[in-house]
Amino acid sequence: MVVKSCGLKFNVIEIPGHTLDHIAYYLADPQQPRLFCGDTLFSGGCGRVFEGTHEQMYQSLEKLKDLPDNTLVYSAHEYTLANLQFAKEVEVNNYYISEYIEVCQKKIELDLPTLPSSIAIEKKVNPFMRCSETSLRQSISQAMLSSETASDSEIFAYLREWKDSF
């Protein structure tokens, strides 16, 4: 589905998981693509699974992960630092998370928002977009004994449940 607004052409992407009918708006501008993703993707995290399933939310994040790396990500909420603290708990040795925490803290000190993020940044720091990564699976292997053999969506479900209790 395509929506036109103010002369701009947005693609509507179905991204169930947070809710069954959740959607995102994607502006496929070749110079600067933009994604307005509501409560599905946050910087360093993702929304809770309310009406949908973990599998749906995982598949929705995979759709967003396939967008161009330079896509700016506009989330519905600014939970960046809290999400990055969880991400750091998940992947203690992920240099990009530590670096991005510093960047975001400096922005906040200057009274600037941490958003937008980008798909490239999220691929480096967001554990929910890294479920297939060997380094993430190794990082959680003490807590999730089946992390080496679990499916990517099982890793996602484990992380989401962990975040819910964090």
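The values are calculated or read from the model by the stated rules, or taken from the named source; none is laboratory data. Just so you know, these numbers come straight off a predicted model, no measurement behind them. Virtual Cβ from ideal backbone geometry, glycine too; neighbours counted across all protein chains shown.
Assorted remarks:
Here's the yes/no breakdown for (1) under 22 Å from Tyr58 (Cα atoms); (2) of a type outside the set (D, E, K, R):
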position: Tyr79; (1), (2): yes, yes
position: Gln85; (1), (2): yes, yes
position: Glu89; (1), (2): yes, no
position: Ser98; (1), (2): no, yes
position: Ile108; (1), (2): no, yes
position: Val125; (1), (2): yes, yes
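Residue-wise test of (1) closer than 20 Å to Ser118 by Cβ; (2) of a type in the set (A, V, I, L, M); (3) at pLDDT 95 or above; (4) out of contact with any Pro (no Cβ under 8 Å at 6 or more places or on another chain).
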{"position": "Val2", "(1), (2), (3), (4)": "no, yes, no, yes"}
{"position": "Cys6", "(1), (2), (3), (4)": "no, no, no, yes"}
{"position": "Ile23", "(1), (2), (3), (4)": "no, yes, yes, yes"}
{"position": "Phe36", "(1), (2), (3), (4)": "yes, no, yes, yes"}
{"position": "Lys63", "(1), (2), (3), (4)": "yes, no, yes, yes"}
{"position": "Asp69", "(1), (2), (3), (4)": "yes, no, yes, yes"}
{"position": "Thr80", "(1), (2), (3), (4)": "yes, no, yes, yes"}
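- Test: residue in the stretch 48-55 that is surrounded by 19 or more Cβ atoms within 10 Å (Cβ to Cβ) and in contact (Cβ under 8 Å) with a residue 12 or more places away in the chain: yes
Residue-by-condition table, conditions (1) over 25 Å from Asp29 (Cβ atoms); (2) surrounded by 15 or more Cβ atoms within 10 Å (Cβ to Cβ):
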{"residue": "Tyr58", "(1), (2)": "yes, yes"}
{"residue": "Asp69", "(1), (2)": "no, no"}
{"residue": "Ser75", "(1), (2)": "no, yes"}
{"residue": "Phe86", "(1), (2)": "yes, yes"}
{"residue": "Glu99", "(1), (2)": "yes, no"}
{"residue": "Lys106", "(1), (2)": "yes, no"}
{"residue": "Ser118", "(1), (2)": "no, yes"}
{"residue": "Arg130", "(1), (2)": "yes, yes"}
{"residue": "Gln138", "(1), (2)": "yes, no"}
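- Some residue of the stretch 23-45 being within 15 Å of Arg130 (Cα to Cα), without any contact (Cβ under 8 Å) to a residue 40 or more places away in the chain, loosely packed, with under 13 Cβ neighbours inside 10 Å and of a type outside the set (Phe, Trp, Tyr): no
- Selected residue [surrounded by fewer than 20 Cβ atoms within 10 Å (Cβ to Cβ) and more than 22 Å from Lys65 (Cα to Cα)] from Ala157, Ala150, Ala143: Ala143
- Among the residues of the stretch 1-22, the one identified as at positive phi and in contact (Cβ under 8 Å) with a residue 24 or more places away in the chain is Gly17.
- Exactly one residue out of Gly52, Gly44 is on the phi > 0 side of the Ramachandran plot and of a type in the set (Gly, Ala, Ser), and it is Gly44.
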